[in-house]
Amino acid sequence: MDIPYTVEARPDTGLYNAKVGIWLFLASEVMLFGGLFSAYILLRVSAEPGTWPHGWQDVTLGTTETIILALSAITTLMAWVACKVRQFGRFKLFHGCTILLAVAFLCIHLSEYYDDLTHYEIHLTNGQIADGHMVKNNTGEDYVVIDGRYVNSEIDLDDLRAQKNISEKEITIPRSQIASMESYGPWFNDYMALDFTMTGLHALHVLAGTIVIGFLWGPGSKLWKKDPERFTNRIEVSGLFWHFVDLVWIFLFPVLYLT
């Protein structure tokens, strides 16, 4: 039995089934991310003045990720246009570029997570705080080695925008002098919890979109020979999801990287 309105538009909505479905799905996604952005705003405005982190993210990496996603938005659009004009070879080229750009975005983002999880704030028994990245060859049982610096208060770490030029050096800390130490994971504070939650959820959407686009680029492209119009509709629907993912990042970038 053929499913109706897979190609032609429904009389009640003026859209084919898949397009109706994706718009309903994206509406629920807006509410999901809207709730997270609302949580960010409420926690930030309720924080004590001067205590909300600033400059904790690498703006260069964030800008690179933004450019990559912007380019992927163009390539996925061009892939759909290629299908509309019946140029299957150009579709394969543009969709392949979208996949490569998505993988590049995810790799950069994973490197940021690795940077956070190897970054430690160490409170010493003398009241000082050591902050820096764990050294890879840190194998001693009686000491910890980081590339970082000493500060006298956590206030010195809240706003790093004016401290980018502070030099770091290798610091060896005996474990007997460590009162507590914690990495900059989602458990570190409200900011890091929101950062990991929001960017992690976004990264999962990028991964899901990449899998769908990869399927349509690969085995799913067999539908092109049987029903090119229906295949083109699938490309359009996947493109709508991808543009939503790009749009979410346009909001995440300034909120987490620039403020």
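Below are the figures for this structure:
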{"quantity": "Residue count for the range 152-183, restricted to those that are at pLDDT below 85 and surrounded by 12 or more Cβ atoms within 10 Å (Cβ to Cβ)", "calculated": "8"}
{"quantity": "Residue in the range 215-223 that is surrounded by fewer than 16 Cβ atoms within 10 Å (Cβ to Cβ), in a helix (DSSP H, G or I) and touching a residue at least 12 places away in the same chain (Cβ under 8 Å) present", "calculated": "no"}
{"quantity": "The range 224-257, subset without any contact (Cβ under 8 Å) to a residue 24 or more places away in the chain and not hydrophobic (A, V, I, L, M, F, W, C), residue nearest to His95 (Cα to Cα)", "calculated": "Lys225"}
{"quantity": "Hits in the range 62-102 (condition: polar (S, T, N, Q) and not in a helix (DSSP H, G or I))", "calculated": "Gln87"}
{"quantity": "Residue check for His133: out of contact with any Gly (no Cβ under 7 Å at 6 or more places or on another chain) and either modelled with pLDDT under 95 or assigned to a helix (DSSP H, G or I) (or both)", "calculated": "no"}
{"quantity": "Any chance Phe94 is closer than 30 Å to Pro219 by Cα, touching a Ser or Thr at 6+ places or on another chain (Cβ under 8 Å), of a type in the set (Phe, Trp, Tyr) and touching a residue at least 60 places away in the same chain (Cβ under 8 Å)", "calculated": "no"}
{"quantity": "Qualifying residue in the range 158-176 (condition: assigned to a helix (DSSP H, G or I) and either more than 26 Å from Tyr257 (Cβ to Cβ) or in the same structural domain as Gly239 (by TED's automatic domain parsing) (or both))", "calculated": "yes"}
{"quantity": "Among the candidates Thr64, Thr76, residue that is in the same structural domain as Lys226 (by TED's automatic domain parsing), buried (at least 19 other Cβ atoms within 10 Å of the Cβ) and in contact (Cβ under 8 Å) with a residue 40 or more places away in the chain", "calculated": "Thr76"}
{"quantity": "All positions within the range 46-61 that are free of Cβ contacts under 8 Å to residues at least 12 places away in the same chain, over 15 Å from Asn189 (Cα atoms) and assigned to a helix (DSSP H, G or I)", "calculated": "Thr60"}
{"quantity": "Scan of the range 107-133 for residues that are surrounded by 17 or more Cβ atoms within 10 Å (Cβ to Cβ) and of a type in the set (A, V, I, L, M, F, W, C), ordered by number", "calculated": "Ile122, Ile129, Ala130"}
{"quantity": "Test for Val85: is it more than 25 Å from Tyr257 (Cβ to Cβ) and either charged (D, E, K, R) or loosely packed, with under 14 Cβ neighbours inside 10 Å (or both)", "calculated": "yes"}
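The values are calculated or read from the model by the stated rules, or taken from the named source; none is laboratory data. This one's a predicted model, so the numbers in the text were calculated from it and none came from an experiment. Cβ: placed from backbone, ideal geometry, glycine included. Neighbour counts: every protein chain shown.
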